[in-house]
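K.L.:
Structure provided below as structure tokens; questions to follow.
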Amino acid sequence: MVAIQRLYLYLVAYISLTVMALGASNIIRAFWRGNYTAGEISLNIALVLVGLPIYLLHWTMAQRRVRRHEEHRQTFLRQLYLYAVLAQGVGVFLSQGTTFLQRLLSFVLGVSPFQVFSSQAFDETVPRLFIWGLLWIYHYRLIKGDAQQELPVGWSDTPRRLYTFGFALFALGPMAGVGAYNLIRGLFQQVLGLSNGEIFVRSLVNAVPFLVVGGLVWLTLWQWAQQRVAGLHAPPPDASGIAETQTVLRRLYLYVVVFGSALITLWSLSLILYRLFLIVLGEPAGPVGNVLRDFTDSLAAIIVAVAIWIYHWRILELEATRQPEAPQQASVRRLYFYLVALISLVLFSMGMAGLCNVLIQVVGRWQDLGTELSVWRNQVSLYTSMVIVGIPVWSVHWHRMQSAALAGSVSGLDERRSLFRKIYLYFSVFVAVVTVLGSTAWLVYNLLRGILGDQSWVNFIPDLGRAFSYSLIATVVWLYHWRALQQDASLGSATNLVKSIAIPGIGPVVAIIDGGDGSLGVALIQALRQYSASIRLVGWGLTPEAQVSLATVLSKDIAQLPEEIILQQAQFLIGPLEMLIPGSFYGKVTPEVVRKIQTSPARKFLLPASGYQIIGLRPTNREALIAETVTLISDSINIPE
């Protein structure tokens, strides 16, 4: 009931605020222009007169409930409302700010002969920028005030990440990236004499506003995001900074940027190589200006994409060396690597098949090279560029994932069991088998027609070379990836790995399980470690926050141990009562988790759960609870103080 009431208040507040802002900006626009109809001004005044009291009523009610219950400041719906307003303000700034700057540059550079501050440019842009700028500032101050409270575990911080990384992605790619591309391309063409001064000025008018506005928004949002991980670089790394780097949305943003920039680089490089091979093979290139324009277009795209790729890839590498990889992080990384590997595999496989087909037809003289020389040159250039670009990209990405998967360790097991690896391998095998099946059947069918005396099969001889080429390359791809699947199977299952890997040390193994923010688990590990250095301590975080916190007090190898090894080799399990209640910790405790804990041979010590009072057990504070746990463990394993 409370959630539905909260949803109603924030939804009506958002709608009425939007209506009021629309009316207010239109009123300012109308009075500044000095030319408006009675119907136009009446409608906008009505929007303000109706929207403002409705907004104030519902927003006041929402604020009154927040003051009464301070913990409501960080609820998901409140954060969603606040960041939705911020998002609309940034959207207005991106669109209207770009338009205003374009017209201002047009006026300054003499492209358009109008006075910008008395023209339509002001009427259409500045009122909206002014109204939404005020609303953005007000709601941003509310967010800063709410953020002074400690963030709870759950979804309340998701709107901030959606707002930050969503607009950072848009501002970097379609805005700043496109603007930088157009600016560099215009500079190249101006230096090479491919455009006159007027064309260059117009390219500046189109490029600079996108670069400035998009770059400003991206830089602001990215710096805001980086401040959240500033503690990652402290000795020792701050748990909150590690937790932020392990969020799915941050990783998704980074890998989407890396993937997109890599794809643009590959495509542009392929176009450059294609044009170069045509020139080398003697194909008439046409006017020099057109050739240079093609090269400058691709080169400008490569410069922008490579710069974006290098920066974000260095961020990924730096964060990977600072903290262990969470499961969600690993999934996003695998998605990127296997997707790039698959695309590059298709690219160079088609290139190899095409080159093989051209070679067969040239050797067999099935094409008249005199009349089809232009077609032959185009095919060789296209397929060669596909191979040159595809092979190194596939090799780099596949080798990295294959090396990780073949490691005889826990991380290797995780890589071999990953869903994206299985999708990549089985999809490659499936497509290769279907290609071999279709091509070979076509090849055999036409050969049998010739053997049986059907003279019309000669008309299909050129297609036989293509069928043989695709069948040959697909067979190689099939056998290679099938061998990779067999290697994965031969390296053993999780059960064998559990038996083969021993937790280092000679003392008893005590496993700490935590499902909250990890602070209790960290305190227990520190207390047990201080009591006796001979205890082998391992941890299992049921939530991402707990995983991050436990990783700060455990070595990297211990922090990455899967739960199978922890549960089977531990002599003692210490964890909250909720770990045996399905659905606890925001659904992280599944029936399968409960079954694994219950079937563990370890002796289990349960800690009181928040919100539960166990009959016969008097309430106690955290310090007393930790001290009692240390005493129980020491009595159980007979370690002298």
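K.L.:
Using a 1.4 Å probe and counting only protein heavy atoms, arrange Lys422, Lys596 so the residue with the most accessible area comes first.
P.N.:
Largest accessible area first, the residues go Lys422, Lys596.
K.L.:
A further question on this structure: Roll a 1.4 angstrom probe over the protein heavy atoms and tell me the percent of accessible area of region 504-638 that is carbon or sulfur.
P.N.:
55 percent
K.L.:
Residue separation times 0.36 nm, minus the C-alpha to C-alpha distance between Ile279 and Ile199: what's the value?
P.N.:
Numbers: separation 80, 0.36 × 80 = 28.80 nm, distance 2.83 nm.
My answer for the length gained is 26.0 nm.
K.L.:
Distances over 14 Å make up what percent of all Cα-Cα pairs in region 29-71?
P.N.:
Of all Cα-Cα pairs in region 29-71, 63 percent lie more than 14 Å apart.
K.L.:
What's the local net charge at Leu80, with K and R +1, D and E -1, over the other residues with C-beta under 14 Å away? Present the calculation step by step, with values, prior to reporting the outcome.
P.N.:
Details: positive: Arg6, Arg73, Arg78, Arg160, Arg161; negative: Asp146, Asp157.
My count for the surroundings of Leu80 gives +3.
K.L.:
7 Å from Cα along Cα→Cβ at both Leu359 and Ala624: what's the point-to-point distance in nm?
P.N.:
Output for this residue pair reads 8.1 nm.
K.L.:
A further question follows. Could you give the accessible area per residue of region 170-217, probe 1.4 Å, as a whole number in Å²?
P.N.:
46 Å²
K.L.:
From a point 7 Å beyond the Cα of Ile54 in the direction of its Cβ, which residues of region 1-33 have a backbone N at a distance under 11 Å?
P.N.:
Within reach of a label on Ile54: 12-20.
K.L.:
Note the per residue figure in Å³ for the convex hull of the C-alpha positions in region 554-606.
P.N.:
In region 554-606, the Cα convex hull volume per residue is 87 Å³.
K.L.:
Follow-up. What does the accessible area per residue of region 1-70 come to in Å², with a 1.4 Å probe and no ligands, DNA or RNA counted? Let's see the in-between values first.
P.N.:
Working: 4240 Å² over 70 residues.
That works out to 61 Å² per residue.
K.L.:
What number comes out for accessible area per residue over region 241-282 if the probe is 1.4 Å? Units Å², please.
P.N.:
Counting only protein heavy atoms, the per-residue value for region 241-282 is 40 Å².
The values are calculated or read from the model by the stated rules, or taken from the named source; none is laboratory data. The structure presented is a predicted model; accordingly, all values stated were derived computationally and were not measured. All Cβ positions, glycine included, derive from the backbone under ideal geometry; neighbour counts span all protein chains shown. Quick note on the areas: whole protein, heavy atoms, side chains included, nothing else; ligands and nucleic acids left out. Shrake-Rupley method; radii C 1.70, N 1.55, O 1.52, S 1.80 Å.
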